[in-house]
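Notes for the one structure printed next.
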Amino acid sequence: MNNNYKSGFISIIGRTNVGKSTLLNTLIGQKISIISNRPQTTRNNIRCIRTTDTSQMVFIDTPGFHKPKSKLSDYMVEVAGESFKEVDLILFLVEEDLNIGKGDEFLLEKLKNEKTPVVLVINKIDKIKKEDILVKIKLYEKYDFIKDIVPISAFKGENIDTLVTIIEKYLPYGPMYFPEDMVTDRSERFVVSELIREKILRSLKEEIPHGTAVEVMQMKKRDNKEIYDIEANIYTERENHKRIIIGKGGNMLKKIGSESRKEIEQMLDCKVNLKLWVKVKDEWRDKPNILNSLGYNKKDEL
């Protein structure tokens, strides 16, 4: 490795549903963070790694900042706030709307005293006219702590190369922290549980997905090395929600399982035998012991 190699940690922050996970997956070149049109899809800090001949970028995808309504929400906001610490660069992601909303104002206030460089990333520019992009940029030019402003479309991959060049500009010279073929520091079990939860988010009505969690109970490759046997529990807070997740004749659960299995097989490059069970844990989002058992433990995020 030459002395010009750069490496560092980059936090991606923003309000809920601005496209942080989509951007991360585009930067990495494969799906690690789950995506849905539901707010608060991401619950944990997820570290993903982009390694090239010139740099290694360790991105931290964070839960979106929002007003907490449960202990799980408290955890998510605290985890997002922790991501400011000990990183080399903060990417502040905003949408294409031609104003600065209260949520973005809140984050700007938090960022103004940060010593870490901040790059503003305007996402979803494929949805607006080119002249409106300039209007959006001008809204943020008055904030002198913002070092650069980059308009992109994470979904279409537009201007991503420019963003990568700017990120690299702010990284310090340093070593490769992770093996070059490593794309996340999260376990395969965690990614599997997230892929299943994504299918729940996409398949069910608004209130039910936020009350669900997924725990992988078993993940074992058979002796012939050709099939993974995976068993997972889907937890929900109410009996009637359990019935909805299972669906008439088990159709909804079969749909969730089938769609999950396809993506898990792509990730593992192996056939998968997936079994799902739905169980009720009353008000689990407000019970610290259950939150800890499901991996929502801030100590594990640091």
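Laboratory data are not the source of any read-out in this text; all were calculated from the coordinates shown. These figures come from a predicted structure and were not determined experimentally. Neighbour counts run over all protein chains shown; Cβ positions are idealised from the backbone, glycine included.
When only Cα pairs under 8 Å and 6 or more residues apart are kept, what is the percent relative contact order across segment 82-205? Display every interim value, and only then the final one.
Working: 109 pairs, mean separation 29.3, N = 124.
About 24 percent, as a whole number.
For labels at Glu283 and Asn99 in the simple 7 Å Cα→Cβ model, what's the distance in nm?
Rounded to a tenth, the inter-label distance reads 3.7 nm.
In whole Hz and in residue order, list the ³J(HN,Hα) couplings for segment 276-288 that follow from phi through the Karplus curve 6.51 cos²θ - 1.76 cosθ + 1.60, θ = phi - 60°; x for Gly and Pro.
Karplus values, whole Hz, x for Gly and Pro: 10, 10, 10, 10, 9, 10, 4, 6, 4, 5, 10, 10, x.
Under a crude label model (7 Å from the Cα following the beta-carbon direction), how far is Asp148 from Asn273 in nanometres?
Spacing of the two 7 Å Cα→Cβ label points: 5.0 nm.
Counting only C-alpha contacts under 8 Å and six or more residues apart, can you give the relative contact order of segment 150-222 as a whole percent?
On the way: 25 pairs, mean separation 14.8, N = 73.
Computed value for segment 150-222: 20 percent relative contact order.
So what is the relative contact order for segment 188-301, in percent, with contacts set as C-alpha pairs under 8 Å and at least six apart? Numbers along the way, then the final one.
On the way: 156 pairs, mean separation 31.0, N = 114.
The value is 27 percent.
Measuring from label point to label point, each 7 Å out along Cα→Cβ, what is the Lys130 to Thr54 span in nm?
About 2.6 nm separates the two model spin labels.
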